[in-house]
Amino acid sequence: MRKQIFSLSHNLLAATALVSCVTTAAISGPATPRPEALKPYNERPITDDIMYFVMPDRFANGDTGNDRGGIDGTPIDHGFDPSHKGFYHGGDLEGLTDKLDYLADMGVSAIWLTPIFKNKPTQGNVENVTAGYHGYWITDFTQIDPHLGTNDDLKAFVAAAHARNMKVIFDIITNHTADVIKYQECLPEEELTADGNVPLCDYRSKADYPYTTAGKADGKPINQGFEGDEPEHQTLENFAKLTDQTFAYTPYIPKGEESVKVPAWLNDIRYYHNRGDSEWKGESSLYGDFAGLDDLFTEHPDVKQGFIDIYKFWVSEFKIDGFRIDTVRHVNDSFWQAFAPAIVDHAKSEGINQFYVFGEVYDGNPEHLSHFTRVAKLPAVLDFGFQWQARQVIADGKAPKLLKDFYAQDHLYDTAWSSASILPTFLGNHDMGRIGRFIVTAENADKSEALARSQLAHALMYMTRGVPVVYYGDEQGFTGDGHDQDAREDMFPSQVAVYNDNEAIGSDVTPEVDNFDTSHPLYKTLTELASFRMKHPALRGGEQTVLHAANEPGIFAIERKNDDETLLIIFNTSGREASAELSLTGASCHVGGATVSLKTDNKKTAVTMPALSWSAHSLNGCTNE
């Protein structure tokens, strides 16, 4: 089965006899697209990179001795249960280091890791307790989670990556910590037990529960002289007057956890909003606890400076190359306006002149996304807009015109510190699920069509503007069963039953066995795409112009251009052959992709493309490659 499917892919994406205007060529580039062929990592713009987003716990287990994080007891204590999809499985930094060549050979030049700081091992109520394998329940912001290794293991990993000219990007959090703080009104301290249920608490707004009265607005006066937390009042002098924390709830820290957070200032209740749980809208989206996680008072100048200092340490100590910032939309703009420039400037002082900062804003609307570059002053945000449009066009069979309308909004990102060209583009992730899942469920495609659609989706990501991000396992055809925990399979042999019955795209192999197959058709496709991208600088930060976008599944054509070359890239998103007329001047030469018919007459070029294919042409004149 695998051999048959790969043959189809090879015909679509790397045929060896491609007849065009003058020349014949296959996808061509370096024999292996390893990052050593690029500019040095500390000088290279992010547009030259291909990122790989990996969850270390699910990638490779290099040291079984740290599987339980040095914690005794049961899985409820230490969080390790490789048969449960919501617990630690044993992957670590040593395992990731061992697999760097697997990634470099695929053309990956930047590795983005889910948070690797020390987490609360487990949390949640009795019936739904899970572990912090994903990294988003941090207690100690100064050390690596012991399930993943040590700070020395991190130094070894960064050194090994840099030796291969690969960047290392951390996933970081400033919005919240692990769930430690409780509220007397929801769960009285005398009723708190180790194995009891912890209720969510209704959000209490600033209007109904102002900072200057205890309880509701008609409560006794407190915090006299405090002027609020708006940007103009975010001073140490003003916040020194916020001494009483009972304005909404009566928060407390359970016995035994008074000093669990590091640095020590994080154990001070003053530095949290303490207004109950978010309703995911309006004010509560900024001030509410994230499903129980302790929401930090990021308007407070101490908190702002505290996090700047925390993450400066990681830059200085480990010489990493960038930060992806979690839950950006749940933090006030004034925090980002101070944080992002401070971190970038500090990185430059450490000799890291291309330090990359991008935020996660779970929203596909460019108008909403660009707020966080234009106003909050982040250099970039994850391009959920691209993900949504690519999914609709490639997986759901919608018209390519959606892509044209989407790219027409790129100007929204234009600032002195940002542009659409540096946005990270992706097809799926650990929260929403995998592109493979979207493909196999949307069209009920057979195996060969599912493979062709996945290859086309990745080609779209690699050939269009932005920085491609591959979600770990997609190169092995992982599909998952849905979102969140159901999209976090193991690359090493899995013991999770609901993972092991999954059918992969392009392979009959399941997560039950090792999945580092360099002959997998998707791994080979991504290697070829990386090679092609490496050879053509116009694909790495060059201008993009949409030339044609069909109103039904079919032809989508763009031009990519820099000072040295101009490329015509054509995609056929339809499951059948499709044609279109393009307005081109001069001859074009085929430099990669599917066999395509090009006929020019009266300055109109008729294009006919095979089903679910892409093709690339040089518009600089025809020369043999």
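So which of 509, 513 ends up being in a loop (DSSP other than H, G, I, E, B) and at pLDDT below 95?
Being in a loop (DSSP other than H, G, I, E, B) and at pLDDT below 95 holds for just one of 509, 513, which is 509.
Which of the following residues is within 20 Å of residue 181 (Cβ to Cβ), touching a residue at least 40 places away in the same chain (Cβ under 8 Å) and open to solvent by 50 Å² or more (accessible area, probe 1.4 Å): 202, 229?
202
Take segment 563-598 and flag every residue that is out of contact with any His (no Cβ under 7 Å at 6 or more places or on another chain), open to solvent by less than 40 Å² (accessible area, probe 1.4 Å) and of a type in the set (S, T, N, Q).
Scanning segment 563-598 gives 566, 572, 573, 574.
Sort out which residues of segment 492-536 are in contact with a Lys or Arg (Cβ under 9 Å, 6 or more places away or on another chain), open to solvent by 60 Å² or more (accessible area, probe 1.4 Å) and among the charged types (D, E, K, R), and write them in order of number.
503, 508
Which of the strands (runs of 3 or more DSSP E) contained wholly in segment 537-597 include at least 2 residues that are at pLDDT 95 or above and within 33 Å of the chain's Cα centre (by Cα)?
543-549, 555-561, 566-572
Please verify whether segment 135-147 includes one or more residues that are open to solvent by 40 Å² or more (accessible area, probe 1.4 Å), in contact with a strand residue (DSSP E or B) (Cβ under 7 Å, 6 or more places away or on another chain) and under 30 Å from residue 340 (Cα atoms).
Yes, some residue in segment 135-147 is open to solvent by 40 Å² or more (accessible area, probe 1.4 Å), in contact with a strand residue (DSSP E or B) (Cβ under 7 Å, 6 or more places away or on another chain) and under 30 Å from residue 340 (Cα atoms).
Which of the following residues is within 24 Å of the chain's Cα centre (by Cα), polar (S, T, N, Q) and surrounded by fewer than 21 Cβ atoms within 10 Å (Cβ to Cβ): 32, 130, 74, 122?
130
Report yes if residue 481 is open to solvent by 10 Å² or more (accessible area, probe 1.4 Å) and not polar (S, T, N, Q), otherwise no.
Taking the combined requirement at face value, the residue satisfies it.
Criterion first (open to solvent by 30 Å² or more (accessible area, probe 1.4 Å), under 21 Å from residue 295 (Cβ atoms), among the acidic types (Asp, Glu) and out of contact with any Lys or Arg (no Cβ under 6 Å at 6 or more places or on another chain)) does residue 191 satisfy it?
Answer is no for this residue.
State which residue is surrounded by the fewest Cβ atoms within 10 Å (Cβ to Cβ) when the search covers only segment 77-119 and only residues that are of a type in the set (Gly, Ala, Ser) and over 23 Å from residue 291 (Cα atoms).
83
Spot the failing condition for residue 417; the list is (1) surrounded by fewer than 23 Cβ atoms within 10 Å (Cβ to Cβ); (2) in a helix (DSSP H, G or I), and only one is missed.
(2)
The values are calculated or read from the model by the stated rules, or taken from the named source; none is laboratory data. Remember, it's a predicted structure, so these values are computed and weren't measured experimentally. Reconstructed Cβ throughout: ideal geometry from the backbone, glycine too, with neighbour counts over all protein chains shown. The protein model used for the area step is the full one, side chains on, heavy atoms only, and it has no ligands, DNA or RNA in it. Shrake-Rupley method; radii C 1.70, N 1.55, O 1.52, S 1.80 Å.
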